[in-house]
Amino acid sequence: MLRFVAVEEAEESTRGPVAEDFLIESAWGVTVEDVGEQEAFRTGAPLPGVLDRSGEWWCVATSEDGRRLVLADRFGFQPLALAVATTADGPALFIGTSASETARAIIAAGGTVSTNWALVLETIGARHDFLDCLFDHSTPFDGISWLPPDKAIEVGATGFRIVSRPETSVHGAYEDLLRRGIDHAIADMEHLLAVHEHVAINLSGGKDSRVVLALVMAAGCSDRVQIAATDPAPPGGSMAHSPTVARDLEISSRLVEKLGLSWVDRRTPRDVWPTTLEGELARFQTLRHGLTNQFVPMALSYRLTVPEARVNGAGGEIFRGYWADVLSGHPVWSTLGHRAETRESDTRSLLRALRSPFRLPASVAERGEQSLVEAMAPLPGSTAAEALDRHYEVFRLRGHAGGRRWGQSYGITNFGLLQQSALMRAAQELERDERCSGRVLFDIVEQVAPELNDLEYQSGPWPWSGQRTPVMDWSDVAPSTASYRRAQVRAQQSARPQRYIARPRPDMAGAVTAGLAALAEQMRTDGLDPTLVGGLRAAPPADLRGQGRLLGRLFHWASGFGDERFLPRAIPAAPPRVRTYA
């Protein structure tokens, strides 16, 4: 947590920061490994050396003229919350990695924090992924907001200002940016193999994981990794069982057989210990920042005794359209204008159709709609669909594909090889139709392993597949899961360091009820009618995702106030550690 005292927001300047003017002062977080172990992040290292690093990290850099620049990784997997607050010592700028931590720091410094009811009431009961993460540019606390991943905070003698994040991959032709992104991905893969003995690729029958495989082949290390796939019929049954997953395995098995790859055939030893709902929730809040709906507590926690890496295609959605496809089946979609001049009205119509079932006060509803309109503004001249895809790139991706530190706390490095800023810039050079159809991903495969484009994809061919000449015949390899099943048997037979008895997951219903009671009490205090959420109840115990989504949102809000009415054993008792700059 950083605190800059006696600073206020300065006027905007036409001159943005130049990366070469700054040297790193302090850095925190992880890429393939902890940044503290990397020369590029050492104190005094030039800032341009880390700007394209994929991971979950942030840093403070300084210039010779005394300016400080605070920024995070380009995809915002390490979110930064910022607020200007009046404290006992006067105005101050707070910058933290958690909105709730930032709220508690303001309170500890003598400031005040209030609830952003527009966000809380719009999202607390959301049952649609779109709304559950759509407001992630805002926080549950008035005056505290998330810094967009493409921005940085520059602090100088006259105050601070939000500036464009300096980039090393801003300029260049499409082909140059594409090549640069490919080279960065190959370098990341080589680095990953240098620090991990065991590396697996999650391979399905889809496009994103196929691009990852192409990059691994381009790095010349396909013989040093193993292939992981979802079992469509695991012992005991699973939600994974579906025709789609079965088809994925058929396609990935042909890739493994034809290319001479090997399946994961070992179970990594791990230490296992009992945990609690409070412990799981506090850990989730610390490591996921309240920015994902994927909280499902476990009865037992674990950590691999031999760390491993898992490479995946997470984030491939930013190279093509996303929300337009997700929402196209909703009745409201066909009623929208889908023009640049109707973006605001389209945005409001979407929210009104998808928002929570209870009726919001008019002032709260208007503020929620206006907040969403502002979130759609960063892409001038865009339609609602285009703006929503940009919003996905800027905000939702961090909750969907982030969590590098979360994974590493289990001894697992989850690495999205496609998360390269140069590739994102290359996509932005394309016309919308080509960009939203995934031209960048198609071209990566064509450049480094075109034979992979000759095998069918689960989701159908690329739009450009008919324009190319095939280079490999795959008809001689029939789908067969026999080798996958043999690898599964070997994995089941591999030793574990200890045996344990399965325990039921912690019951979230009681915690959700307590959280809703605390929420209603605060609404009453703030002059709102608590019966607005009177119909909101904990989801059935079988709906782990629904319960976890609601509990995570409630806890993120309550922990900012240190609210001991709600899960007191999980709420941090001490204020966060703050580094103060005079």
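If you average the alpha carbon positions of the range 60-96 and of the range 418-484, how far apart do those two centres end up, in angstrom?
Result: 40 Å between the Cα centres.
Just to be sure I understand: of the beta bridges DSSP finds with both ends in the chain, what percent are antiparallel, rounded to 5? Could you put the intermediate results ahead of the total?
On the way: 44 of 61 bridges.
Restricted to the chain, the bridges split so that about 70 percent are antiparallel.
Please list 3J(HN,Hα) in residue order for the range 551-556, calculated via the Karplus relation 6.51 cos²θ - 1.76 cosθ + 1.60 where θ = phi - 60°; whole Hz, with x for glycine and proline.
5, x, 5, 4, 5, 4
Spelling out what I want: for every residue of the range 18-35, take phi, set θ = phi - 60°, compute 6.51 cos²θ - 1.76 cosθ + 1.60 (Karplus), and round to whole Hz; glycine and proline get x.
9, 4, 5, 7, 10, 10, 5, 9, 8, 8, 9, x, 9, 10, 6, 9, 4, 5
Express the C-alpha Rg of the range 341-428 as a ratio against the empirical globular expectation 2.2 N^0.38 Å, rounded to two decimals. Show your work: numbers first, answer last.
Working: Rg = 17.0 Å, N = 88, 2.2 N^0.38 = 12.1 Å.
Expressed relative to 2.2 N^0.38 Å, the Cα Rg reads 1.41.
What number comes out for accessible area per residue over the range 363-521 if the probe is 1.4 Å? Units Å², please.
Working: 7110 Å² over 159 residues.
Ligands and nucleic acids excluded, the result is 45 Å² per residue.
Rounded to the nearest 500, what is the 222 nm mean residue ellipticity of the chain from helices alone, with -39500 (n - 2.57) per DSSP H run of 4+ residues and division by all residues? Before the final figure, lay out each step's value.
On the way: 19 runs with 203 residues, N = 582.
When only DSSP H runs of four or more count, the value is -10500 deg cm²/dmol.
Check ILE201: other-chain or 5+ apart residues with amide H under 5 Å from its amide H, H built from backbone geometry?
GLN226, ILE227, ALA228, VAL311
Once you list every other residue whose beta carbon is under 15 Å from the beta carbon of SER242, what net charge do they have if Lys and Arg are +1 and Asp and Glu are -1? Walk me through the intermediate numbers first.
Values: positive: ARG247; negative: ASP231, ASP248, GLU250.
Net of charged neighbours comes to -2.
Per residue, how much accessible surface does the range 162-204 expose to a 1.4 Å probe? Answer in Å², no decimals.
Working: 1840 Å² over 43 residues.
Per residue, the range 162-204 has an accessible area of 43 Å².
With 25 Å as the cut-off, how large is the P(r) tail for the range 149-288, expressed as percent of Cα-Cα pairs? Working shown, then result.
Working: 5423 of 9730 pairs.
When all Cα pairs of the range 149-288 are counted, 56 percent exceed 25 Å.
Dipole size in debye (nearest 20) for the chain around its Cα centre, Lys and Arg Cβ +1, Asp and Glu Cβ -1?
Here the chain has a charge dipole of around 1940 debye.
Keeping the other protein chains in place, figure out the carbon and sulfur percent of the accessible area of the range 325-459, with a 1.4 Å probe.
Working: 2410 of 5260 Å².
Taking all protein chains in place, the range 325-459 shows 46 percent carbon and sulfur surface.
How far is helix 99-108 tilted, in degrees, relative to the longest principal axis of the Cα atoms in the chain, given as a value from 0 to 90 rounded to the nearest 10?
Roughly 30 degrees between the two axes.
Provide the packing ranking of 183-192, 137-146, i.e. peptides ordered by the mean count of other C-beta atoms within 10 Å per residue, highest first.
Details: 183-192: 19.2, 137-146: 22.2.
Highest to lowest by the protection proxy: 137-146, 183-192.
With a cut-off of 8 Å between alpha carbons and a minimum separation of six or more residues, what is the relative contact order of the chain in percent?
Numbers: 1073 pairs, mean separation 117.8, N = 582.
Here the relative contact order equals 20 percent.
Which angle from 0 to 90°, rounded to the nearest 10, does the C-alpha axis of helix 174-195 make with the longest principal axis of the chain?
80
Taking a cut-off of 24 Å, what percent of all Cα-Cα pairs in the range 244-342 are separated by more than that?
Within the range 244-342, distances greater than 24 Å cover 58 percent of Cα pairs.
Roughly what percent of Cα-Cα pairs across the range 283-406 reach past 22 Å?
50
Take the eigenvalues of the Cα gyration tensor for the chain, scale each by 5, and report the square roots as semi-axes in whole Å, largest first. Intermediate results must be reported in sequence, preceding the final value.
Working: eigenvalues 280, 171, 136 Å².
For the chain, the semi-axes come out at 37, 29, 26 Å.
Hey, got the Cα dimensions of the range 437-533 along the principal axes, in Å, largest first?
69, 44, 20 Å, listed from the longest principal axis down.
The values are calculated or read from the model by the stated rules, or taken from the named source; none is laboratory data. Remember, it's a predicted structure, so these values are computed and weren't measured experimentally. Cβ atoms come from the backbone with ideal geometry, glycine included; neighbour counts cover every protein chain shown. Accessible surface areas use protein heavy atoms only, side chains included; no ligands, DNA or RNA. Shrake-Rupley method; radii C 1.70, N 1.55, O 1.52, S 1.80 Å.
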